[in-house]
Each structure stands twice: as C-alpha cells, then as structure tokens.
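Below is one structure, written out as structure tokens; the observations come after it.
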Amino acid sequence: MDTAAAVNKRKSTRAFKPDPISQSTLKEIMELALRAPSWANTQPWEFAIVAGSKLEEIKQSFIEKIDEPPAFDIVRPWGFPEPYGGRIGRLMGTEQKIKGIQREDREGRGWWRMQGLKNYGAPCVIYICIDRAFYFQEEINAWLLFDCGLVAENIMLLATDYGLGTVAQAQAVQYPDVLRKALGIADSKLIVLGIAIGYPDEEDPINQFRSERESLDGVAKWYGFE
Ligand SMILES: Cc1cc2nc3c(=O)[nH]c(=O)nc-3n(C[C@H](O)[C@H](O)[C@H](O)COP(=O)(O)O)c2cc1C
C-alpha cells in the first residue's frame, strides 16, 4: 500500500475481532515505526506491547475503576472553545447515534465508556511512555510529546498496511497506576498514550463511519503562489 492509500484508509477502529496478532507482525510494524523523526534524534519513546492474559488483567482493573476520575500522567485538556468543542460534540454524537444511545441515556453512555476501557475488544495495546526527565521547569516539554505523536502515527499507518485497525486511546492510559503495577513500569516513566490494535470487525457499524474534517481552505492560507 502506498503512503497516500494508507493515510486515506486509516481511521479509528472501535470494534475489534478477538483474533490475536502475531508477535512477528508487531515486530515488523514497530521496527519500521522507529524511523519516525524526533527532536535532535532524541527518540524519547519507549513501548510496552501487551496482549493475552496480561492485557485481560489490565482491562479488568480498568473496569473496576470506572467510577474513579481519570488520573492521567499527561494532564488532559478540558473546556475546548469553538470550533474545537463542537467537533468533539459531533464525534460523540455520531458514535452514540450509531450505538443507539440517546442523549439522556446515562447507562448507555456508561456502557460505551466501558467498551473504551476494554479497548473496544482489541487483542493488543501498544503503550507509549517517556522518561520523567523530560519535565523541564516543572512542565513536561511539548516537543517530546510531539515526537511520540509522530511515532504513533507511523505505527497506525503501518498497521493499516498490514490490514490491522488501530485507535489512539487516551482512555487506555487513564489509570497509570494500574499499568505501572501490571507491567512493572517505573515511576520515572510517564505513560503517554495507548494504541489499541487488532483486526477490525468490519460488520460493526461503528467501523463504517468516517470522521469529518475541515476543508483545506478552512485551515490553510497560501503565500507566494501567484
Ligand atoms: C492523542 C489522542 C487520544 C485519543 N483518545 C481516544 C480515546 O480515548 N478514545 C477513542 O475512542 N478515541 C480516541 N482518539 C481517537 C480520536 O477520537 C480520532 O483520532 C478522531 O476522532 C479522528 O478520527 P479518525 O481517527 O477516525 O480519523 C484519540 C486520538 C488521539 C490523537
């Protein structure tokens, strides 16, 4: 698959088949993904690639914590102004409509959140971590997280090429204490993001919608093109 096709095909998968992914496939994806650029080639990322009974253990612990507020290592943003808040609202609205969840249906929304905590049934999650040393002047340096985003997109595009689906999930790292305990991740590491990965359940309508995008004209200005 060429790059344009992979970029065009990748989208968040929110229903996976339980079929496992071979470790050799994951290794091929990860080896290539490491070619991502990074700030002065710091390559600040580290990975925990988790499947099988270990992932089941994590999912179970996450479900048990569902009523606890998230405690992200990387603070999540709140209160998005327009036009960003509207985009979030439309995404959530679309997901809930497809799943037949009404606006006032708290139970339904809780169920959908639970599916997220279970990584939408994915048989594997790739957790991306960085060193706490990247805290400078009491703030995590944004450039290192930017680098994590680059390697994350590499992973997701390569996965597409292998017929796999992915979804980047902040939700997958919302209880970092669970991940530290289950995976022996040191306190000196920050857990940035989880990428749920597996074979998409193409029958599920949640995998059939494509999220909206602003037009190029809406986000780009051109200079020097006569
Ligand atoms: C940093 C980051 C965190 C995300 N966290 C979640 C999440 O917790 N749950 C989820 O279902 N999708 C999550 N997403 C997926 C986005 O909702 C998705 O990328 C966006 O709606 C665009 O849709 P697309 O990926 O299908 O193109 C996350 C994406 C990113 C980049």
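Between Arg132 and Ser22, what FRET efficiency comes out of the Förster formula 1/(1 + (r/R0)^6) with R0 = 22 Å and r the beta carbon distance, rounded to 0.05?
Computed FRET efficiency for Ser22 and Arg132: 0.10.
Could you tell me what percent of the accessible area of segment 3-209 is made up of carbon and sulfur, with a 1.4 Å probe and every protein chain present?
54 percent
With a 1.4 Å probe and every protein chain left in place, tell me how much accessible area Ser61 has, in Å² to the nearest 10.
Answer for Ser61: close to 40 Å² accessible.
Taking segment 4-112, which GluC sites (Glu not before Pro) meet the DSSP loop condition and have no more than 13 other C-beta atoms within 10 Å?
Of the GluC sites (Glu not before Pro), the ones in loops of segment 4-112 whose Cβ has at most 13 other Cβ atoms within 10 Å are Glu104.
Using heavy-atom solvent-accessible surface (probe 1.4 Å) with all chains present, what is the largest-first order of Met1, Met156?
The residues order as Met1, Met156, largest area first.
Quick one: putting +1 on the C-beta of Lys and Arg, -1 on the C-beta of Asp and Glu, what dipole do you get for the chain around its Cα centre, in Debye to the nearest 20?
About 320 debye.
Rounded to whole Hz and in sequence order, give me ³J(HN,Hα) for segment 136-142 from the Karplus expression 6.51 cos²θ - 1.76 cosθ + 1.60, θ = phi - 60°, writing x for Gly and Pro.
10, 6, 6, 9, 5, 6, 5
May I ask you to derive the FRET efficiency for Arg103 and Trp78 from their Cβ-Cβ distance with R0 = 22 Å, giving the value to the nearest 0.05?
After rounding, the FRET efficiency stands at 0.60.
I want the local charge near Asp73. Using Cβ-Cβ distances under 12 Å, sum +1 for each Lys or Arg and -1 for each Asp or Glu among the other residues.
+1
Past 20 Å, Cα to Cα: identify those pairs from Lys59/Lys181; Lys65/Lys97; Lys17/Lys59; Lys11/Lys181; Lys54/Lys181; Lys17/Lys54, in the order given.
Lys65/Lys97; Lys11/Lys181
What does the extension gain come out to for Gln60 and Lys181, with contour length at 0.36 nm per residue minus their alpha carbon separation?
Contour length minus the Cα-Cα distance gives 42.2 nm.
What figure in square angstrom, to the nearest 10, would you give for the accessible area of Leu150 with a 1.4 Å probe?
Surface accessible to solvent at Leu150 totals approximately 60 Å².
Run the numbers for Lys221 and Ile88: contour at 0.36 nm per residue of separation, minus the present Cα-Cα distance, in nm.
45.5 nm
Which shape class applies to the chain: rounded if a/c is under 1.5, otherwise prolate when a/b exceeds b/c and oblate if not, where a ≥ b ≥ c are the square roots of the Cα gyration tensor eigenvalues?
Rounded is the answer for the chain, as its axis ratio a/c remains below 1.5.
Using a 1.4 Å probe and ignoring any ligands, DNA or RNA, find the accessible area of Arg90 and quote it in Å² to the nearest 10.
Rounded to the nearest 10, the figure is 110 Å².
The values are calculated or read from the model by the stated rules, or taken from the named source; none is laboratory data. Since the model is a prediction, treat every value here as computed from it, not as a measurement. Quick reminder, even Gly has a Cβ in these numbers, built from the backbone with ideal geometry, and neighbours come from all protein chains shown. Side chains included, ligands, DNA and RNA excluded: accessible areas come from the protein's heavy atoms. Shrake-Rupley method; radii C 1.70, N 1.55, O 1.52, S 1.80 Å.
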